[in-house]
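K.L.:
Pasting a structure here, questions to come.
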Amino acid sequence: MKIFNTMTRQKEEFAPIVPGEVKIYTCGPTVYNFIHVGNARPMIMFDVLRRYFEYRGYKVTYVQNFTDVDDKIIRRANEEGISSTEVAEKYIGEYFTDAHGLGVHDASVHPRATENMEQIITLVQTLIEKGYAYASGGDVYYRTMKFEGYGKLSHQPLEDLQAGARIAVGEQKEDPMDFALWKAAKPGEPAWPSPWGMGRPGWHIECSAMSNRYLGKTIDIHCGGMDLQFPHHENEIAQSEAANGCKFVNYWMHNGFLNIDNQKMSKSLGNFFTVREAADAYGYETIRFFMLSAQYRSPLNYSRESLTQAQAALDRLYSAKDNLDFLCKNGEIGDMTDEEQQTVAAFDGFRSRFDDAMDDDLNTADAVGVLFDLVRAINTAVEGKPTKGLAEACRGFMTELTDVLGLLYARKKDDLGEKVEAMIAARQAARKAKNFAEADRIRDELKDMNIELMDTPQGVKWKKI
Ligand code: AMP
Ligand code: ZN
């Protein structure tokens, strides 16, 4: 598989540290509010990365943190008159509701900053001992200019970074480029004991501490949105490499922005829709499908049209699947015909095209294209009187690919399906008994439920209109 590595700005062949295993760290949300659709992009795309590695036989360890101590959480807690812990708990719960709705698998570990204080403090101490950090008035800062290669990930000239650096009111830094590893407690803020007095960690240090704890000193892949390249990931590199004396990350993957009217969707600009709002309007799975329709590095525009298109495309996948479900029950009994066997043999071609797309830096846009080519081929192959065997083979193969992308998980055959099928059976029985009044009554009742009936060679099929 080739991965575009932000560090080298090139597509590189992926080679794991331990053969057959992949260690992935993704920066997770700061839990002070509902997530917006932009935040869902890395969640979904790196979930697909993980699923693809698993499909290719790798053992994946996937870590995604929760930033549960931060200025925004403290502000929110003060606004609502509750503790920071309560704010974090609440929005971690809401995060999981959205993540599960979007079909995002839970990480192997979801560590929280507040549960890793010991690791964070030890790391800060190591950086002080090695001369990369200094305590100053209860704060601790990282001596940025001491780290050789600072700026290597974001590829920005040091002078530009220096020109943008500031010392904020209350900070006691040696140099504007330095950043806080530990912040002295202010009244009314959550605080932990440390060698530098009561305080709390800066944002960047938690990811260095947690990736080291759960994945080791060098990890295979580190992911996040492209806005995290600087300063967050640049600072993670400075911290981890200075403390451990070895390379931190082999491959850096950053997703492009989800835009709205060609501007990054963000909380601070106020141009956002929460995932919850978008899911109410279009369904969670439509959001997932919409994200997959673009390669993760390209910009993607959120609009009513693109979401409606995604919904229609997803409907096409579901009707193909429903048709196969029906034919698995009602197809011809007996061995597959020669022609059917040829259809099944041709699946390998689709699989290799699908794998090629995913191997090319996770090109889900092309992979989704292959999936639709497959669906077209399947729809043609099962016209007429297919055997159950063919229907089952088609459904099995289609599911193999949709599972990698994490699609077709939401609309399960539900109570409605069972009810409709029972009504159709009752109507057939009434017709057989020549009770046409009853048969018509059932047909009308189904009509009122927006169910359309179709006679096919395999029996009566139905769909919701
Ligand atoms: P934040 O809560 O802002 O730290 O964001 C959590 C994750 O969502 C990070 O990986 C961000 O890079 C990512 N993210 C935020 N906004 C967008 C956006 N508009 N498009 C894509 N990714 C985003
Ligand atoms: Zn991080």
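K.L.:
Please state the charge dipole magnitude for the chain, taken about the Cα centre, from unit charges on C-beta atoms (+1 on K and R, -1 on D and E), reported in debye and rounded to the nearest 20. Spell out each step's value before the answer.
P.N.:
On the way: 55 positive and 69 negative charges, 82 e Å.
That gives the chain a dipole magnitude of about 400 debye.
K.L.:
Under the rule of at least 5 residues apart or a separate chain, name every residue whose amide H is placed under 5 Å from the amide H of residue 27.
P.N.:
223
K.L.:
Another question about this same structure. I need the peptides 342-349, 88-95 ranked by packing, meaning the mean over residues of other C-beta atoms within 10 angstrom, with the highest value on top. All intermediate terms of the calculation are to be shown ahead of the outcome.
P.N.:
Values: 342-349: 13.8, 88-95: 17.6.
Ranking, from highest mean packing down: 88-95, 342-349.
K.L.:
Using 1/(1 + (r/R0)^6) with R0 = 60 angstrom and r between the beta carbons of residue 421 and residue 163, what's the FRET efficiency to the nearest 0.05?
P.N.:
0.30
K.L.:
Another question, if that's okay. Could you pull the accessible area for residue 31 with a 1.4 Å probe, rounded to 10 Å²?
P.N.:
0
K.L.:
Relative to the Cα centre, what is the charge dipole magnitude of the range 412-465, using +1 at the beta carbon of each Lys and Arg, -1 at the beta carbon of each Asp and Glu, and rounding to the nearest 20 debye?
P.N.:
Values: 13 positive and 11 negative charges, 38 e Å.
My answer is approximately 180 debye.
K.L.:
So what's Rg/Rh here for the range 2-255, counting alpha carbon atoms and using the Kirkwood radius for Rh? Before the final figure, lay out each step's value.
P.N.:
Numbers: Rg = 18.1 Å, Rh = 18.9 Å.
We get a ratio of 0.96 for the range 2-255.
K.L.:
May I pose another question? Suppose we keep just the DSSP beta bridges with both residues in the chain; what percent of those would be antiparallel, to 5?
P.N.:
Working: 24 of 46 bridges.
Antiparallel: roughly 50 percent of the beta bridges in the chain.
K.L.:
Over the range 147-224, with every protein chain in place, what whole percent of the accessible area is carbon and sulfur at 1.4 Å, could you tell me? Walk me through the numbers before you get to the answer.
P.N.:
Values: 1940 of 3650 Å².
On the range 147-224, the fraction of accessible area on carbon and sulfur atoms equals 53 percent.
K.L.:
Based on the mean of other Cβ atoms within 10 Å per residue, sort peptides 254-264, 387-397 so the most packed one is first. Each step should come with its number before you reach the end.
P.N.:
Numbers: 254-264: 17.2, 387-397: 19.7.
Per-residue mean Cβ counts within 10 Å order the peptides as 387-397, 254-264.
K.L.:
I need two numbers for the chain: Rg to one decimal and Dmax as a whole number, Cα atoms only, in Å.
P.N.:
For the chain, the Cα radius of gyration and maximum Cα-Cα distance read 27.0, 93 Å.
K.L.:
Helix 84-101 against the longest principal axis of the chain: what's the angle in degrees, Cα atoms only, rounded to the nearest 10?
P.N.:
Around 30 degrees separate the two axes.
K.L.:
If you take the charge dipole of the range 2-255 about its Cα centre, with +1 on Lys and Arg Cβ and -1 on Asp and Glu Cβ, which of 109, 191, 179 is farthest toward its positive end?
P.N.:
109
K.L.:
Let me ask something else. From the alpha carbon gyration tensor of the range 48-127, can you work out the equivalent ellipsoid semi-axes (sqrt of 5 times each eigenvalue) and give them in Å, largest to smallest? Present the calculation step by step, with values, prior to reporting the outcome.
P.N.:
Details: eigenvalues 162, 85, 11 Å².
Taking √(5λ) for each Cα gyration eigenvalue gives 28, 21, 8 Å.
K.L.:
Per residue, how big is the convex hull of the range 1-116 when only Cα atoms are used? Give it in Å³.
P.N.:
In the range 1-116, the Cα convex hull volume per residue is 122 Å³.
K.L.:
Which whole number in µm²/s is D for the range 313-405 by Stokes-Einstein, with the Kirkwood Rh taken over Cα pairs at 20 °C and 1.002 mPa s?
P.N.:
On the way: Rh = 13.4 Å.
For the chosen part, D equals 159 µm²/s.
K.L.:
Could you give the spread of the C-alpha atoms of the range 106-262 along their three principal axes, from largest to smallest, in whole angstroms?
P.N.:
Largest to smallest, the principal-axis extents are 42, 40, 37 Å.
K.L.:
If you look at just the Cα atoms of the range 13-54, how large are its Rg and its Dmax in Å?
P.N.:
Reported Rg and Dmax, both Å: 13.3, 39.
K.L.:
Here's a follow-up. Which pairs, out of 23/173; 146/264; 434/463; 412/434; 23/152; 11/247, put more than 29 Å between their alpha-carbon atoms?
P.N.:
Numbers: 23/173 35 Å; 146/264 33 Å; 434/463 25 Å; 412/434 35 Å; 23/152 22 Å; 11/247 19 Å.
Exceeds cut-off: 23/173; 146/264; 412/434.
K.L.:
Over 18 Å apart: what share of the alpha carbon pairs of the range 186-287 falls there, rounded to a whole percent? Please report the intermediate quantities before stating the final value.
P.N.:
Numbers: 3309 of 5151 pairs.
The share of Cα pairs beyond 18 Å in the range 186-287 comes to 64 percent.
K.L.:
How big is the gap, in Å, between the Cα center of the range 116-145 and the Cα center of the range 147-204?
P.N.:
Rounded to whole Å, the Cα centres lie 10 Å apart.
K.L.:
Moving on. For helix 347-359, what angle does its Cα long axis make with the longest principal axis of the chain, in degrees from 0 to 90 and rounded to 10?
P.N.:
20
K.L.:
Rounded to whole Å and sorted largest first, list the principal axis extents of the Cα atoms in the range 417-464.
P.N.:
Projected onto the principal axes, the Cα atoms of the range 417-464 cover 26, 25, 16 Å.
K.L.:
How much of the accessible area of the range 417-464, in percent, comes from carbon and sulfur atoms when a 1.4 Å probe is used? Numbers along the way, then the final one.
P.N.:
Numbers: 1600 of 3190 Å².
It is 50 percent, rounded to a whole number.
K.L.:
Kindly report the accessible area of the chain per residue (heavy atoms of protein chains, probe 1.4 Å, no ligands, DNA or RNA), in Å².
P.N.:
Values: 21070 Å² over 465 residues.
Value for the chain: 45 Å² per residue.
The values are calculated or read from the model by the stated rules, or taken from the named source; none is laboratory data. The model shown is predicted, which means the values in this text are computed figures rather than measured ones. Note that each Cβ is placed from the backbone with ideal geometry, even for glycine, and that neighbours are counted across all protein chains shown. All accessible areas refer to the heavy atoms of the entire protein, side chains included, with ligands and DNA or RNA removed. Shrake-Rupley method; radii C 1.70, N 1.55, O 1.52, S 1.80 Å.
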